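Let me begin by presenting the structure, written as structure tokens, before commenting on it.
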Amino acid sequence: MILKTLNISRNWTLYLDRDGVINHRLVDNYVRTPDEFRFFDGVPEAIRIFSEIFDRIIIVTNQQGIGKGLMTVEELNEVHKKMMNDIRAAGGRIDKIYHCAGLKEQRPFCRKPQVGMGLESKKDFPEINFKKSIIAGDSKSDMQFGRRLKMKTILIGEENTIALESPVLIDYWFQSLYHFAKNLIS
């Protein structure tokens with residue numbers, strides 16, 4: 001059980017990636033409208049569980065669809081508004097969402113695996129201690145983001161080649177966010 005091995009208490013922070021972790025990723029596309037946003041099974045309940053354990057829950061999400069001109073910040077905010085309403089209705093909370101609209105090839109400081117969104121969150125929440133933080137994500141860039149900030153890393157996904165290619169980046173691996181949450185309270 002992770003809670004016991006890490007000695008997690010209320011002063012820990014949980015960082016979550018969005019696409020592929022909280023919601024279904026659209027193949028070769030971007031979630032641009034609230035209607036296209038679909039939670040993975042159990043995610044609202046998982047976030048409710050996390051809300052009882054972690055002092056802060058923060059989403060860090062690369063959103064280059066904005067940088068490509070395929071969607072606007074306003075459209076992204078509408079997607080996030082729906083997500084947040086559904087999470088609140090399930091008894092959970094997200095304290096803040098950070099996004100990076102920069103293009104992958106431009107390698108902006110805000111885009112994971114760079115640590116810009118993490119440092120921005122530390123400005124907003126000075127009490128954050130990255131050594132008492134966890135990132136749950138489904139990509140190598142999520143794991144690198146966590147490692148660079150000295151966080152614990154949790155890979156989310158049923159089949160993931162990252163675990164085979166880069167096992168040193170991963171502290172724990174769960175099939176889903178729901179399975180991670182259930183592990184914390186088992």
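With all protein chains kept in place, the per residue accessible area of the chain amounts to 49 square angstrom at a probe of 1.4 angstrom.
Taking 0.36 nm per residue of separation and subtracting the current Cα-Cα distance, fully stretching the chain between Asn77 and Arg38 would add 12.5 nm. Across all directions, the shadow cast by the convex hull of the stretch 1-72 built on its C-alpha atoms averages 6.1 square nanometres. Note on Gln106/Ser186: beta-carbon distance plugged into 1/(1 + (r/R0)^6) with R0 of 41 Å gives a FRET efficiency of 0.45. Using bins of 5 Å that start at zero, the share of Cα-Cα pairs per bin across the chain amounts to 1, 8, 17, 22, 23, 18, 8, 2, 0, 0, in whole %.
When Lys and Arg each count +1 and Asp and Glu each count -1, what net charge do the other residues less than 15 Å away from Lys131, Cβ to Cβ, add up to? For residues surrounding Lys131, the net value is +4.
If you sort the three axes of the alpha carbon gyration tensor as a ≥ b ≥ c, you get a/c of 1.5 or more for the stretch 105-183 and a/b no higher than b/c, which makes it oblate. For the chain, a Gaussian network of Cα nodes joined below 10 Å ranks Ser121, Ser166, Ser139 by mean-square fluctuation, and the top entry is Ser166. Sites listed here are GluC sites (Glu not before Pro) in the stretch 100-137 whose DSSP assignment is loop and whose Cβ has at most 13 other Cβ atoms within 10 Å: Glu127.
Treat every Asp and Glu Cβ in the chain as -1 and every Lys and Arg Cβ as +1, leave all other atoms uncharged, and give the resulting dipole magnitude about the Cα centre to the nearest 20 debye.
740 debye
Which shape class applies to the stretch 51-135: rounded if a/c is under 1.5, otherwise prolate when a/b exceeds b/c and oblate if not, where a ≥ b ≥ c are the square roots of the Cα gyration tensor eigenvalues? Oblate, since a/c reaches 1.5 and b/c is not below a/b.
The values are calculated or read from the model by the stated rules, or taken from the named source; none is laboratory data. Only a predicted model underlies this, so the values are computations on that prediction, with no experimental measurement involved. Cβ atoms come from the backbone with ideal geometry, glycine included; neighbour counts cover every protein chain shown. Side chains are part of the model used for accessible areas, which takes the heavy atoms of the whole protein and leaves out ligands, DNA and RNA. Shrake-Rupley method; radii C 1.70, N 1.55, O 1.52, S 1.80 Å.
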